[in-house]
Every structure is written in C-alpha cells, then in structure tokens.
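Enquirer: I have a structure I would like to understand better, so I am pasting it below and will then ask my questions one at a time.
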Amino acid sequence: MTLEIDLSSNMQSEMPNLRSCQGSRKIRSAGSAFQLAAFAAALTFFLSPATAANGELDPTGFWKTEKRNGVVEIFRCGTAFCGRVSDAAILRENPKQTDVNNPDRALRNRMVRGLIVLKNFTGGAGEWTGGPLYDPDTGDSAPTGRLRLRDARTLEVRGCIARFFCRTQVWTRLRP
C-alpha cells in the first residue's frame, strides 16, 4: 500500500509552505507496511468467530470445559446468553446419562445431554454476568456468575454462591 501525493505547481501557489517543491513529486508513506499490518489485524478481528455482526465480542459457540472432556454450547436465549451440555466423555460411554448428582431427587432422571447449565447472561464488550450456573458432574449450582472472554479462543467461567466464594474454570473454544 503506497500513499502518493501529487504536489504540482498550481498546488504550490495555494500552499506557501510547499514553494520549494518543483514540478510533480511523489511522497511514499514510510508507514505503509504498518498500515497493511493494521488492516490485516483488523480484518482478522472482524472475521474471528468471537465477534458478532456488530463487531462486539461474542461467546456463542462450542466450548471445551476443564473436566471430563465436556463440551458446552453457548447460544442466544432471547437477549441473553445461555449454555447447554453438548458432549462429555461420560455421554460417549452412556448417551442416556441422567443428572444423577442433582441434589433435588425430582430432577435426577433428566438427561444430561442438552441440560441447561448457564442462564441469563447479559452484558457486552467481552464480559457477561448472570446466572444461575449448574455443574452436572458435582450437582453444585451457583446463583450468579460471570463469563469473560480472555481472547477469541479462551473463556473464563466463574460461578459464585456468595460474593467471595467462587469457582472459576477456563474453557477453550472449539472450531466448527
């Protein structure tokens, strides 16, 4: 990318500071390599799977959890984001696995695949708050939490049962 400026003699008369320029001259931008690199970086950012149509960071997609090779799909639910269990090592062994660790006996026979584990997360600019969160591996739940994108491929998931009693996991985005 080259920036060319034509400094013809009729421009010189309109711009007194350029009187020393004679005839037509071309000035090449020393920053053209930088401009190209900046353009490529911007293009990569806007085409990244972590950006929504409006250019804002977006957590939708499939995320590998820290435990048991779990996969959670984060999707839009109205104006918020929610997440459901998509896959896990235990589900590959037993696709009909139920929520046996749930402290509520009435919920123990619901299927783990498709189970909503994140609800009502709102916000933007790479960080969302909401809740509740649920961990089918332990049966633990948290009334509030936070999702924070560290970068396009890394999501920090934090669930809290009290202001200072929280648990955090780092999930990795799976490519489609």
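Enquirer: Tell me which residues, restricted to region 109-168, are of a type outside the set (A, V, I, L, M, F, W, C) and farther than 19 Å from residue 75 by Cα. Explain how you work it out, then say what you get.
Expert: The first filter runs over region 109-168 and keeps only residues of a type outside the set (A, V, I, L, M, F, W, C), leaving 109-110, 113-114, 119-120, 122-124, 126-127, 129-132, 134-141, 143-146, 148, 150-151, 153-154, 156, 158-159, 163, 167-168.
Within region 109-168, 109, 110, 137, 138, 139, 140, 141, 143, 163, 167, 168 meet the criteria.
Enquirer: Just give me the residues in region 122-131 being buried (at least 17 other Cβ atoms within 10 Å of the Cβ) and over 13 Å from the mean Cα position of the chain (by Cα), in sequence order.
Expert: Within region 122-131, 130, 131 meet the criteria.
Enquirer: Can you find even one residue in region 132-145 that is surrounded by fewer than 16 Cβ atoms within 10 Å (Cβ to Cβ), touching a strand residue (DSSP E or B) at 6+ places or on another chain (Cβ under 6 Å) and hydroxyl-bearing (Ser, Thr, Tyr)?
Expert: No: zero hits.
Enquirer: Within region 56-100, take every residue that is under 24 Å from residue 124 (Cα atoms) and free of Cβ contacts under 8 Å to residues at least 24 places away in the same chain and give me the one that is surrounded by the fewest Cβ atoms within 10 Å (Cβ to Cβ).
Expert: Here the residue is 78.
Enquirer: Specify the residue that is farthest from residue 81 (Cα to Cα); the eligible residues are those in region 151-176 that are over 10 Å from the mean Cα position of the chain (by Cα) and outside any strand (DSSP E or B).
Expert: 164
Enquirer: Among the residues of region 100-135, which ones are at pLDDT below 95 and assigned to a loop (DSSP other than H, G, I, E, B)?
Expert: Across region 100-135, the qualifying residue is only 125.
The values are calculated or read from the model by the stated rules, or taken from the named source; none is laboratory data. Keep in mind it's a predicted model, so treat the numbers as computed, not measured. Every residue, glycine among them, receives a Cβ derived from its backbone with ideal geometry; neighbour counts consider all protein chains shown.
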